[in-house]
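Novice: I have a structure I would like to understand better, so I am pasting it below and will then ask my questions one at a time.
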Amino acid sequence: MYALLCICLSLSALLALNALASALAGVVWRALAPRVQGWDARGRARLLFALRVSPPGAAAALAFALIVPAYLLYEPQDSGEGVSVKLLMLACVAAAGVLLAAWRVARTWLATRRLARDWLRHAEPFAVEGARVPAFRIRHSFPVIAVIGVLRPRLFVAAQVFEALAPEELAAALAHERGHVEGRDNLKRALLQAGEDALLHAPLGRSLRREWQRESEMAADEFAAAAGPASALDLAAAIVKISKLIPRGSRPTLPAGAHLLGDGEDGTSRRVRNLLRLASQTKGTRSHTRSTPAAVLCLCLLAAGTLLLTRPAVLKLTHDAMEQVVAQLR
């Protein structure tokens, strides 16, 4: 019973802290969003990613670096306290979220591996200037131009894309996909999905993930447009042309991948307008990120906070609070 109570308290704390921190991250983004409009899209995407992955990271750190030590140090093994039904239910919900996240990660990995293997059967490799991943030409009913895979990403381009785009437009579209590779966006997408699953699809944090998806697409656009105004116009033209090739009612199925068209019509029109704006600017007027990478800053703050919270006095106060929670849940 001693070990079971510790496990239930830790899982319940993980669920509660994750939900609270996710709600706080949403509030922080609403406050910061108007202030970071002058940043480039990559900077906004980094900030959104940090805000979305920090809550589960902070919750796990507090649960296992604060709750568990406080319990083991100050809870007597012969206390006789049992696990109430309410506490057990909370722990089961938290465990279900963790298991769901692990299952979704495994399922996505298997689906991505199966999709890549299927496409590679009839794929033809081709060379892409400056590409850091292998590129393949495939035959597909959807105008695929996408990077799929997390650990070993590959670039796939449908045959009709080569036929529809001019060489300059194709080069700009491929540069967009290189932007996703440089930003490790497929890995980030998998981490964001896992963090959302841990909350059992609660609405907390969903808006941050959607915002990150939009900003990551625009960041890849800006990566391609960095070559100059002509590249921005070529990419805008490529997006419009490829969108016209999509069969009616069809959507790409990419379990772990970044497709050129991103989030659909609304996102496409926004991206085209942004590319036209970039094309009208001179190189000296482009905006730039003016912040330290947000993920690094959050990790430093998390490490410093964990060290402060694991002091003996804090652990004793934590144990006293845990006693109150157990009493309320009886």
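The values are calculated or read from the model by the stated rules, or taken from the named source; none is laboratory data. Remember, it's a predicted structure, so these values are computed and weren't measured experimentally. Every residue, glycine among them, receives a Cβ derived from its backbone with ideal geometry; neighbour counts consider all protein chains shown.
Rundown of residues vs (1) modelled with pLDDT under 90; (2) loosely packed, with under 15 Cβ neighbours inside 10 Å, yes/no style:
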position: 102; (1), (2): yes, yes
position: 105; (1), (2): yes, no
position: 131; (1), (2): yes, no
position: 153; (1), (2): yes, no
position: 163; (1), (2): no, yes
position: 189; (1), (2): yes, no
position: 193; (1), (2): yes, no
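Novice: Quick one: which strands (runs of 3 or more DSSP E) lie wholly within segment 122-231 and hold at least 2 residues that are in contact (Cβ under 8 Å) with a residue 24 or more places away in the chain, on the phi < 0 side of the Ramachandran plot and not aliphatic (A, V, I, L, M)? Let's see the steps before the verdict.
Specialist: Details: elements: 135-138, 145-148, 154-158.
Output list reads 154-158.
Novice: Being of a type in the set (Gly, Ala, Ser) and over 30 Å from residue 325 (Cα atoms) is the filter here; which residues of segment 17-42 pass it? Spell out the reasoning first.
Specialist: Our first condition is that a residue be of a type in the set (Gly, Ala, Ser); within segment 17-42, this holds for 19, 21-23, 25-26, 31, 33, 38, 41.
Listed by number, the residues that qualify are 31, 33, 38, 41.
Novice: Given the residues 278, 301, which is the only one that is aliphatic (A, V, I, L, M), farther than 30 Å from residue 108 by Cα and modelled with pLDDT under 70? Even if it seems obvious, please write down each step before you answer.
Specialist: Numbers: 278 fails: modelled with pLDDT under 70.
None of the others qualify; the one that does is 301.
Novice: Scan (1) farther than 17 Å from residue 260 by Cβ; (2) among the hydrophobic types (A, V, I, L, M, F, W, C); (3) touching a residue at least 40 places away in the same chain (Cβ under 8 Å) for the single condition residue 99 breaks and write down its number.
Specialist: Failed condition: (3).
Novice: Residues of segment 30-53 being part of a helix (DSSP H, G or I), of a type outside the set (Val, Ile, Thr) and crowded, with 18+ Cβ neighbours inside 10 Å, which ones? Even if it seems obvious, please write down each step before you answer.
Specialist: Residues of segment 30-53 that are part of a helix (DSSP H, G or I), as a first pass: 30-36, 41-53.
Filter once more, keeping what is of a type outside the set (Val, Ile, Thr): 30-35, 41-52.
Result: 41, 42, 43, 44, 45, 46, 47, 48, 49, 50, 51, 52.
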